[in-house]
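First up is the structure itself, then whatever we jot down about it.
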Amino acid sequence: MKKIFSALCFALFGVTAIMTSCSDVPAPYDIFGDSGDKGDGGEITEDNPFGLDLSNPVADFKADFEEQPDFTQDGEYSSNLNYDYTLEGWKNIASVGDRTWTGVVYKDNTKYIQASANKGSAEKYEAWFISPAFKVDEIKDKAVSFDCSGAYFNEKNSLKVYFLTLEDEKMVKTEIAVTGIPTSGSNYVWAKGLTADLSIFAGKTGCIGFCYNSYSANSTTYQLDNIKPGKGEGGSEGGETTEGNPFGLDPNNIQNSFSADFSDITDNQDYELAGWKNISVKGERRWQGKTYKTDKYIQATSYNGSGSEFECWFITPGFKVDEIEGKAISFDCAVYNYATAANNSKLEVYFLMLTDGNMTSEKIDIAGMPTTDNTWATLSAPLSNFTGKTGYLGFKYTSTSSTEALSYRLDNIKAGANEGGETTEDDPFGLDASNPVTTFTADFEDITKPNQPYEKAGWTNKALQKGSVWQTATFNNNADKYIKINTYNTQANDQIESWFITPAFKVSAQSKLTFDCAGANWSSDMHLKVFFIQKGTDGKLTKEEITVNEIPTSGTNYTWIKDININLTSYNSKTGFIGFQYTMTSTGSGSGLPTYQIDNIKLSSDDEGTVDPTPSGEFTSNITLPESTSTDTNKASGGTVNINGQEYPILKLGTSSATGKWESSTLAEGNMTLSFYAVGWGGKTGEKLTITIKNGGSFNDDQTSQTIDLIPNEGATGNSPFTMNPTENDFKTFTLKNITATSTIEFSTEQATGDKRAILFGINIK
């Protein structure tokens, strides 16, 4: 989706920093309010269901929630919830369901109100928080401002703002478009000073109403603070703006994984996104949201602007370069009016840093910046020159004309957490061979949008020279999904080298690796080769080409060759990777580009049929799990999970920052199968589970340890009992062989790169 973005939102808030790091935070979850009207007002009737009373309008009002009692420690909880918040003159109403807005006091004594449907039993919830009546003409700026944060975002849920009034004694609700209400991104990042503009209601008397809509499943949490008359400054809380830090960059808001797809833009309005900044330096122009047909993006332009100099910035949250996948940030970019205004306007990309509170900037050269109007290019900002640094990526638009103006557009700004090893001169891919797998599949059915860099945990997609990485592709109304590579967005004579690399695996005599391949627009300079890649103890890579004669080099365009076999017999007992290398000398961008397509990459073994890879539907464990819900010295505990109304015992490991570890009792001798469900903590990243066989025996690949990535589950929040709906992707199974009478199984989160919590259930050894 192409979008224009302009966001002045950077987040520094104690709630965010602590809530995202504490172990078992109850605030968003354990809310049990009674239904009904929790405020004063007029008579409730069918025409006036909220009992609005406009007879005594006030000239000023404020809700900062500071009258709530200070925080008191209660076990492991990091906040106090004062259920069913009440404030004189205000209304707190559950119009659908039984949830109202609740008061919250966080452990740093931050005070606010919150709405959530989590753990609710109703199908739908609608909760209102409504101000006293006021005359629009008598309040400051004819506007109301407020702070807002959210968490566990789901597109079915929303927070909307309304102007409520009475006409002929009937209540009338009019929605107010408010830019900046968070709908995605990091949890609990406060957007400060959002503004509800009431100028269209001049001459009227009414109330401002905050309406929370949600469903009990996949519930979004919303929080409100500092509701008062007057316009806000907009955006999110960030660092202090000083002479040395003119953009107010916030060193405390570091997000090593983030994205902006601008699906939440309002057309022709300055764009705001929590944690990001949208700043006008000269010319009073900022990045604005734009819509073209179904595409949404942000745009910077000086056209019809005031003055002769323009400068505006769009800046990402802070990040650690070494924690970013591939040490690069990808984005889509398009341009308009290039031929006319290229000499007057430009878009540059900078790496911004704070050193002793002072901002520095260094320009990044971006290959492939668009020069053709209305043609989108997927680009990459390389960050390898900033290894070891923490900083921000800034998009700087400048122009010296308001008539012959060039417009730049941005979409799909994305950075992911680095899941591989460190990128070095000896290993430009950053490959990690420490946890080889036995099987894998890439069928690309997870693709949701074409023409985007493909990402899959454990796999590597990288361009070593100029050119694009492997892109997503769909055909036949999304029935067919695969990845493709060509010379799009390159210049004539550019040397293209793009790689797609599997996870590490250990080759056995039973290993079989196959894939599907197609090509088009054949060229003698166009090559797709397959390599077996190994990483030595010194960190250096060795690449050995495997001859694969079935790869097409001519013939009918886009004709698939199925189940092409990669012969691994020469690599038996070796651990390595398979790399697909595309090379080409570009003739320049255009139509009819030399293209290769890949699908259905699969590593299997002849004996893998002895293990049932699908969930059995049974969540009961056949081994003894901890009973106590209190963590032991190894940060392990028991508890229960509620699945479809029935409870099952669990093993809970770790806290947000402390590794959890638990060891089973001894096993029976022989060969057997280990299966279990495992999920990561809701809303977190970098969660991994390590399974180790101790005191004899191994997995089917002769390894004694396996590490797997965990999928965060929204139900894995708060405290036992947990409620969740596991999926097939949460089900894991392993073959164990040569188990002895003294063998045990250890589960640990020691390899987690982020949150160190995990929940396991349905653990069966048969």
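Numerical summary
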item: Close pairs (7 angstrom Cβ cut-off, 6 or more residues apart or separate chains): at positive phi in the stretch 112-135, in a loop (DSSP other than H, G, I, E, B) anywhere; result: Lys119/Tyr29
item: Sole exception among (1) touching a residue at least 60 places away in the same chain (Cβ under 8 Å); (2) assigned to a strand (DSSP E or B); (3) of a type in the set (Phe, Trp, Tyr) for Phe532, by number; result: (1)
item: Test result for Phe722, over 15 Å from Tyr152 (Cβ atoms), in contact with a strand residue (DSSP E or B) (Cβ under 9 Å, 6 or more places away or on another chain), hydrophobic (A, V, I, L, M, F, W, C) and in contact (Cβ under 8 Å) with a residue 60 or more places away in the chain; result: no
item: Selection within the stretch 175-209 - aliphatic (A, V, I, L, M) and touching an Asp or Glu at 6+ places or on another chain (Cβ under 9 Å); result: Ile176, Ala177, Val178, Ile181, Val189, Ala191, Leu194, Leu198, Ala202
item: Any chance Leu164 is closer than 22 Å to Tyr83 by Cβ and not in a loop (DSSP other than H, G, I, E, B); result: no
item: Close pairs from the stretch 84-109: first more than 17 Å from Tyr125 (Cα to Cα), partner among the basic types (Lys, Arg) and not in a loop (DSSP other than H, G, I, E, B), Cβ under 9 Å, at least 6 apart; result: Gly103/Lys111; Val104/Lys111; Val105/Lys111
item: Residue list for the stretch 662-692, filter: more than 15 Å from Ile763 (Cα to Cα), in contact with a Leu (Cβ under 7 Å, 6 or more places away or on another chain) and crowded, with 18+ Cβ neighbours inside 10 Å; result: Gly680, Glu687, Lys688
item: Count of the stretch 412-462 residues which are in a strand (DSSP E or B), touching a helix residue (DSSP H, G or I) at 6+ places or on another chain (Cβ under 9 Å) and modelled with pLDDT of 80 or more; result: 4
item: Residue pairs meeting the criteria (Cβ under 8 Å; at least 6 apart or on separate chains; first at positive phi, in the stretch 300-314; second basic (Lys, Arg)); result: Gly307/Lys282
item: Options Thr587, Thr583; residue that is in contact with a His (Cβ under 7 Å, 6 or more places away or on another chain) and touching a residue at least 60 places away in the same chain (Cβ under 8 Å); result: Thr583
item: Qualifying residues in the stretch 292-333 (those that are of a type outside the set (Lys, Arg) and out of contact with any Ser or Thr (no Cβ under 9 Å at 6 or more places or on another chain)) - the one farthest from Asn344 (Cα to Cα); result: Thr294
item: Single unsatisfied condition, Asn493 versus (1) closer than 30 Å to Thr735 by Cα; (2) loosely packed, with under 15 Cβ neighbours inside 10 Å; (3) assigned by TED's automatic domain parsing to the domain that holds Glu550; (4) of a type in the set (S, T, N, Q); result: (1)
item: Test: Val172 is free of Cβ contacts under 8 Å to residues at least 24 places away in the same chain and more than 23 Å from the chain's Cα centre (by Cα); result: yes
item: Number of positions in the stretch 295-323 that are more than 22 Å from the chain's Cα centre (by Cα) and either of a type outside the set (A, V, I, L, M) or farther than 22 Å from Gly391 by Cβ (or both); result: 14
item: Those residues of the stretch 173-194 which are surrounded by 17 or more Cβ atoms within 10 Å (Cβ to Cβ) and at pLDDT 90 or above, in sequence order; result: Ile176
item: Unique residue being over 30 Å from the mean Cα position of the chain (by Cα), under 20 Å from Gly718 (Cα atoms), crowded, with 16+ Cβ neighbours inside 10 Å and not assigned by TED's automatic domain parsing to the domain that holds Val641 when the list is Phe50, Phe61, Phe71, Phe65; result: Phe71
item: Strands (runs of 3 or more DSSP E) lying entirely in the stretch 319-406 (those with 2 or more residues that are within 24 Å of Gly588 (Cα to Cα)); result: 328-336, 345-355, 377-382
item: Residue list for the stretch 504-527, filter: within 28 Å of Thr585 (Cα to Cα) and part of a strand (DSSP E or B); result: Thr514, Phe515, Asp516, Cys517, Ala518, Gly519, Ala520, His527
item: Count of the stretch 701-733 residues which are surrounded by 20 or more Cβ atoms within 10 Å (Cβ to Cβ) and not in a strand (DSSP E or B); result: 8
item: Condition met for Ser675 (assigned to a loop (DSSP other than H, G, I, E, B) and either farther than 23 Å from Thr620 by Cα or not assigned by TED's automatic domain parsing to the domain that holds Ser184 (or both)); result: no
item: Qualifying residue in the stretch 465-480 (condition: modelled with pLDDT of 95 or more, within 33 Å of the chain's Cα centre (by Cα) and not polar (S, T, N, Q)); result: no
item: Single residue of Ile566, Ile578, Ile601 found to be more than 30 Å from the chain's Cα centre (by Cα), crowded, with 19+ Cβ neighbours inside 10 Å and under 30 Å from Lys540 (Cβ atoms); result: Ile566
item: Contacts under 8 angstrom Cβ, first residue in the stretch 631-656 being assigned to a strand (DSSP E or B), partner basic (Lys, Arg), 6 or more apart; result: Ala636/Lys652; Ala636/Lys661; Ser637/Lys652; Lys652/Arg757; Leu653/Lys635; Leu653/Lys661; Leu653/Lys756; Leu653/Arg757
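The rows are residues; the columns are (1) closer than 19 Å to Tyr392 by Cβ; (2) at pLDDT below 90; (3) touching a Cys at 6+ places or on another chain (Cβ under 9 Å).
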site: Asp295; (1), (2), (3): no, yes, no
site: Gln299; (1), (2), (3): no, no, no
site: Gly307; (1), (2), (3): no, yes, no
site: Phe310; (1), (2), (3): no, no, no
site: Cys333; (1), (2), (3): yes, no, no
site: Leu354; (1), (2), (3): yes, no, no
site: Ile364; (1), (2), (3): yes, no, no
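The values are calculated or read from the model by the stated rules, or taken from the named source; none is laboratory data. As the structure is a computational prediction, the values presented were derived from the model and not from experiment. FYI the Cβ positions are ideal-geometry reconstructions off the backbone, even for glycines, and counts take in every protein chain you see.
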